Amino acid sequence: MTRVRVTAPRSMAPRGTALTAARSAAASREAAEESDAGQVFVRSLIRSQLRLALVVAGGFLLILVAFALVLGLVPGLAESTIAGLPFNWVLLGAGIYPVTGLSAWLYIRTAARNEARYRDLVGDK
Amino acid sequence: MNPVVGIAAFVAVSLATAAFGFYGLRISRTTGDFYVASRTVRPWWNASAIGGEYLSAASFLGVAGLILLSGTDALWFPVGYTAGYLMLLLFVAAPLRRSGAYTIPDFTEARLDSRAARRVTSLVVVMVGWLYIVPQLHGAALAIRITTGLPAWVGQVAVVAVVCFTVIAGGMRSITFVQAFQYWLKLTALAVPILFILFMLASNGTPAAADAAVNPTGAPAAGPYQTISLLVALLFGTLGLPHVLVRFYTNPDGQSARRTTLIVLGLLSVFYLLPTAYGLTGRTFAPGLAQSGQADALVLLLPGRMVGGMAGDLLSALVVAGAFAAFLSTTSGLVVSLAGVISQDLLGGSVRGFRWAALISALVPLGIASMTDSLALAGSVGLVFAFTASTICPVLLLGIWWRGLTDAGAIAGMVTGGVLCGGAMVAGSVLGAAGTPSWLALPAAWTVPAAFAVMVLVSRATRDRVPRTITRLMTRLHTPERPLATER
């Protein structure tokens, strides 16, 4: 295969290897993404992913603060028990993990959905 | 404790580790194999390996010890260690994988287009790694001393020797198998004895936790500042840990990096119930350990104390094996990632260079560990988290999400965070545990914002240094991979 000259608006120098078919397809996709129209989609994807991450992180931190406040402000938690274990230990020692897992699962689902929407927009098959 | 038990457990774990290392020797041939296991590790394997690597001496021994000492205040440690992975998932996992970089310095160089930023990052990564290996070796010293009565340095040297052999023999491919195996070993080693103890207590009719509110040392409760600063360090420190991040490069694509992180969260959540149970049981039935300054050995001593006889010896052997798995896996993970950084920057990136770099990365902390004394394990690892949260974390977060970050800003921020947090650590060790005010003992609450602020302000002032490749890079970091053209 002969060397193909890359004419896409690359800002980095292309590597000195021969381009395979897959690579030139990738290069043309990069070119499309770096055009002004492509960048509108890219920027909106980045914004929605960042917003999603911040919302999930903020929600999780709020729950964490709520746990801390309950532990600190509600009297008598250390005396009440669940199945023989003190309530404050159960709350902090086991109760936060399901919240963490649920937040992570929600995030992954929504992030994948954002990416699928982006694929649709740029016409990736 | 019967010294034969401890020695037998250590030898068994070392042999198993070495066997996996040898198995890896036969299938890793190329430089790519050594560095990132050719990026084809399945999410379950990878997640087990991350769990194996992450659950260090601090998690295996330190958390239970700290819970014994300070009760519910210490429960924030496992919460923070786990929630750190949530932050990693939200802000770093997929973009970092898509960056295609091998190491954190690779990432900063690609993002900032600057050799200088790369060198500063390499320096920080090496410091973090060494700081993190030292408490592992302290843990090994403690375990050897408590379980066999041998001098403490034997444990440190043995751990370093096994790690060097495994890493030099097989590189990351075998390390992945070793780490995955060690997660499950650690889980079993903690779960079986504590379940045995709990069933025994239940059948004796003893209430599971009669007076957990008892405070064995009479230490004051942590104030809001301590809790907040600890959580800042743990939440943001995890996403800067070099040995954890290097694992993400072994995922095939960004979405599988996310799935891996989700599995890791599950594995950690299950694991951390166990040290909590040890701490609670220890607080109820063995508060004497806290007064005699042996809190970190609680996990090792509890099965023997509660059960006794032959069964007690067997359970102790299991726990000791798990503890050594913890020292070995975290140390070898750190040595691999440090060796990757050192060999790429100093030794030309060859397999031979990687082996030399591995030796250097293990021997320096051995020297430091043999010259210093063990602090509370969970506390000293918490300080390392504060250090990464003030240095590597801001570079990653701003580099991934903010187009305006420049090389000058990144360097200024890392230096600020490193100097402030490093200074606090040095001041803390000079003043001693009793004389250190809490804002110096837990510095993350002010060093992390300071590093972020300096990074943003200097980047704004050097706006013209934003690399010209930024558009292409942000596109690469955040857009999903195509199904076929994954490697370019």
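Computed from the coordinates by the stated procedures, all read-outs in this text should not be read as laboratory data. Because the structure is predicted, anything quoted here is derived from the model rather than measured. Because the Cβ atoms are built from the backbone with ideal geometry, glycine has one as well, and the counts that use them run over all protein chains shown.
For peptide B:253-262, how many partner chain Cβ atoms fall within 10 Å of a residue's Cβ, on average?
Values: counts 0, 3, 4, 0, 0, 6, 2, 0, 3, 5.
Across B:253-262, the average partner-chain Cβ count within 10 Å equals 2.
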Give me the distance between the Cα centres of region B:82-126 and region B:304-370, rounded to whole Å. 23 Å
Using the Kirkwood radius built from alpha carbon pairs, what does the Stokes-Einstein equation give as D for chain B at 4 °C and 1.567 mPa s, in µm² per second? 57 µm²/s
Size of region A:36-122 as Cα extents on the principal axes (Å, biggest first): 63, 22, 11
Taking the Cα atoms of region B:391-488, what is the range of coordinates along each of the three principal axes, in descending order and whole Å? 58, 34, 17
Note: B:465-475 gets an average of partner chain Cβ contacts (10 Å, Cβ to Cβ) equal to 4
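To make sure I understand, if each residue's beta carbon is the centre and we count other beta carbons within 10 Å, what order do B:Leu440, A:Leu45 fall in, fewest to most?
Details: B:Leu440 15, A:Leu45 22.
The fewest-first ordering by Cβ neighbours comes to B:Leu440, A:Leu45.
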Please name whichever of A:Gln39, A:Phe67, A:Ala53 sits farthest to the positive end of the charge dipole of region A:36-122, dipole taken about the Cα centre and charges placed at Cβ: Lys and Arg +1, Asp and Glu -1. A:Gln39
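Which of B:Met127, B:Met306, B:Met371, B:Met87 comes first, and how do the rest follow, when ranked by fewest Cβ neighbours within 10 Å?
Details: B:Met127 17, B:Met306 20, B:Met371 8, B:Met87 23.
Placing the least packed residue first, the sequence is B:Met371, B:Met127, B:Met306, B:Met87.
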Could you tell me what fraction of 2.2 N^0.38 Å the Cα radius of gyration of region B:42-99 comes to, as a two-decimal ratio? 1.37
Cβ charges +1 (Lys, Arg) and -1 (Asp, Glu), total dipole of chain B, debye: 1480 debye
Net dipole in debye of region A:36-122 [+1 Lys, Arg Cβ; -1 Asp, Glu Cβ; about Cα centre; nearest 20]: 360 debye
Calc'd 3J(HN,Hα), region B:145-152, phi into Karplus 6.51 cos²θ - 1.76 cosθ + 1.60 (θ = phi - 60°), Hz, glycine/Pro = x, comes to 5, 5, 8, 10, x, 6, x, 4
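Would you order B:Met310, B:Met425, B:Met455, B:Met474 from fewest to most other beta-carbon atoms within 10 Å of each residue's own beta-carbon? Each step should come with its number before you reach the end.
Details: B:Met310 8, B:Met425 19, B:Met455 28, B:Met474 22.
By the 10 Å Cβ count, ascending: B:Met310, B:Met425, B:Met474, B:Met455.
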What residues qualify as long-range amide H neighbours of A:Leu85, i.e. H under 5 Å apart, gap of 5 or more or another chain, H built at 1.01 Å from N? none
